[in-house]
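> Take this structure first; my questions come after.
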Amino acid sequence: MSVQIDPSSQLGFNRPLTQTVKKVLLVRNTNAQPVAFKVKTTAPKLYCVRPNSGRIEPGQSVEVSVLLQPMKEDPPPGAKCKDKFLIQSTFITPDKEGVSLADIWSMTESDGDGRIHQQKIKVVYLPPEGEVFQEAEESHFVVEPSKYATARAPTNGHANVLDTFIPIHRESTPVGHERSPSPGGEYIIAHEDTTQHETHYGDTPPPAPGIVNINV
């Protein structure tokens, strides 16, 4: 079975979107075996994710922080965001214990018996907290890409990066203009700050440092 994700279907970001907005995905392993997971997105230039990959022991969970980078101006009311996230997970079987996460993914993808579970989450724009937008004529803010790219993680090296991070690769396209899909139209793993968190969760010792998924 796949991991449980909360929220399970959509991730809402409250306006104003002209500042960094942080939301949290809870990824829970309810299986009897440890699992490896990673997070991908259709808009890798717009989001930073921490952690973007890792290992979760049976019965354990991890909070994945998702940061939406500041926009030049808020999308108009009724604008529909077409960004999506893809959470992939796979069992870490006994024969894969002691193997790096990168190699586990490689083995699983090439192994005909291996299985990768995929769960999609769409992004929605919400009104400021405490406010409600009236229904307006629908307008599409982005062009929906066909595949996903890995989400990025903050890299400024500060302990409180999730509260203070200002992305250096901002999306500069004016509101209402189309954004390009991920390179090659494929899912790419999110950028990750490997200095500020461990990618291993539970009681088992963490894997060797430097084992992360970055832009592919």
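Each reported figure results from applying straightforward, stated rules to the coordinates on display, with no laboratory input. The structure displayed is predicted, hence computed values, not measured ones.
> Mind listing the phi-derived Karplus ³J(HN,Hα) values for the stretch 75-88, rounded to whole Hz, using 6.51, -1.76 and 1.60 with θ = phi - 60°, and x for any glycine or proline?
x, x, x, x, 5, 9, 7, 10, 5, 9, 10, 10, 9, 9
> Given the pairs Lys96/Lys122; Lys38/Lys80; Lys45/Lys96; Lys40/Lys80; Lys38/Lys120; Lys38/Lys72, which are separated by over 22 angstrom at their Cα positions? The partial results should precede the final answer.
Working: Lys96/Lys122 32 Å; Lys38/Lys80 26 Å; Lys45/Lys96 33 Å; Lys40/Lys80 20 Å; Lys38/Lys120 12 Å; Lys38/Lys72 29 Å.
Check vs 22 Å cut-off fails for Lys96/Lys122; Lys38/Lys80; Lys45/Lys96; Lys38/Lys72.
> Okay, moving on. Spelling out what I want: for every residue of the stretch 25-41, take phi, set θ = phi - 60°, compute 6.51 cos²θ - 1.76 cosθ + 1.60 (Karplus), and round to whole Hz; glycine and proline get x.
Running phi through 6.51 cos²θ - 1.76 cosθ + 1.60 with θ = phi - 60° gives 9, 9, 10, 10, 9, 9, 8, 8, 10, x, 10, 9, 9, 8, 10, 10, 8 Hz.
> So, one more: Average the reciprocal distances over every distinct pair of alpha-carbons in the stretch 1-92, invert the result, and give the Kirkwood radius in Å.
14.2 Å
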